[in-house]
1. Ranked highest first by average number of other Cβ atoms within 10 Å, how do 282-295, 299-312, 215-228 line up?
2. Which whole-number percent is the relative contact order of the chain (Cα, under 8 Å, 6+ apart)?
3. If packing is taken as the mean number of other Cβ atoms within 10 Å per residue, what is the order of 267-277, 19-29, highest first?
4. Taking K and R as +1 and D and E as -1, what net charge do the other residues with C-beta under 15 Å from the C-beta of Ile310 add up to?
5. Whole number please: convex hull volume per residue, Cα atoms of the chain, in Å³.
6. Quick one: putting +1 on the C-beta of Lys and Arg, -1 on the C-beta of Asp and Glu, what dipole do you get for region 1-51 around its Cα centre, in Debye to the nearest 20?
7. Show me the ranking of peptides 144-156, 239-251 by mean Cβ neighbours inside 10 Å, starting with the highest.
8. Considering the convex hull of the alpha carbon atoms of region 2-105, report its projected area averaged over all viewing directions, in nm², one decimal.
Amino acid sequence: MNEIKEKLKRLLNQAVQKEASDLHISVGRHPIIRINGNLQKIREEDPVKSEEAKLMAFELATEEQRERFLKEKEVDFSYQSDDGTRFRVNIFNQKGDISCALRRIPARIKNLEELHLPSSLYDFSKANQGLVLITGPASHGKSTTLAALIDKIDKTRFEHIITIEDPIEYIFKDDKALIDQREVGQDTPSFARALKSVFRQDPDIIMVGEMRDPETIETTITAAETGHLVFSTLHTNSASQTVHRIVDSFPSDQQDQIRAQLSASLLGIVSQRLIPRKSGGLIPACEIMRRNSAVSNLIRENKIHELDIIVETSSNDGMISLNKYLSDLIKNNEITIEDAITYSRNPKSLKKLIE
């Protein structure tokens, strides 16, 4: 067992020392880390054996988490290594064996400038009521952007913030704000249950780690309607796709009501992805949609497909399309044209912008 502890410690240290975003432990393969978006084998370590993977997974988990894994075949939780580094851990079964995916969580919360995101996004942190969504593919920095916004509120406003996460990732330290962080599975049975209870906990600002199901989506929108500033995330690739995903989560007889609620409560959608940077590392590119009368009308009237046009033509209202953002990164010599085209949802339009 000591050998397993030592091996796990070496792997975690490798991830920290090389500033990897992720560590993967999978049977029959060398341990793998992800650096700047690219997977790399840790070749000095032998391929992981079945029993080793199980023992390392159970070393990471508490007894309660192990029991939940054995019952549900997968489990999410946070883990803190001996040096204080935090990881988001997912243990899951594949082909009868156990695999682990660990996401390293930086100890310090970076601000938007350090993340190379527009400081105009701080406008969302100044609002008193409404819904702000940070969207994008998995592993493209949504939680980090969300943390930067919550941290800004913590430093500037005396408010009660409640976060509901699965698991808790960034640890916020009370500055001006009072912050309570609740972890699904440990502090509450589910996102939906926590959201039902949150109204009795006197929050000003609510952060929902992810809107996973219709009940959570509905309660999140209601919270934004009833005097709270609410932040959440979705795995979608654009503002229009995000609105479609939310509306389509509900039966047809409820969709008119959801569109009406969303048209009134939505403050903005930030859709981002991380792109290889010429100088090394990754840099975000994002689409920003802010609510104005045109956006509200299109959502309410079920003309969601026209939102992309509003985003492209409303720069005066602080909106920016993904293609415009990509073209600016090209002009600033941050990314290559090839990478921009790869990440664009409309390469033909992007080529016209950069000609």
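The numbers here are math on the coordinates, done by the rules we state, and not lab data. Just so you know, these numbers come straight off a predicted model, no measurement behind them. Reconstructed Cβ throughout: ideal geometry from the backbone, glycine too, with neighbour counts over all protein chains shown.
1. 282-295, 215-228, 299-312
2. 13 percent
3. Most protected by this proxy first, the peptides run 267-277, 19-29.
4. -1
5. Convex hull of Cα atoms, per residue: 153 Å³.
6. Dipole about the Cα centre, nearest 20: 80 debye.
7. Answer by packing, highest mean first, reads 144-156, 239-251.
8. The directionally averaged projection comes out at 6.2 nm².
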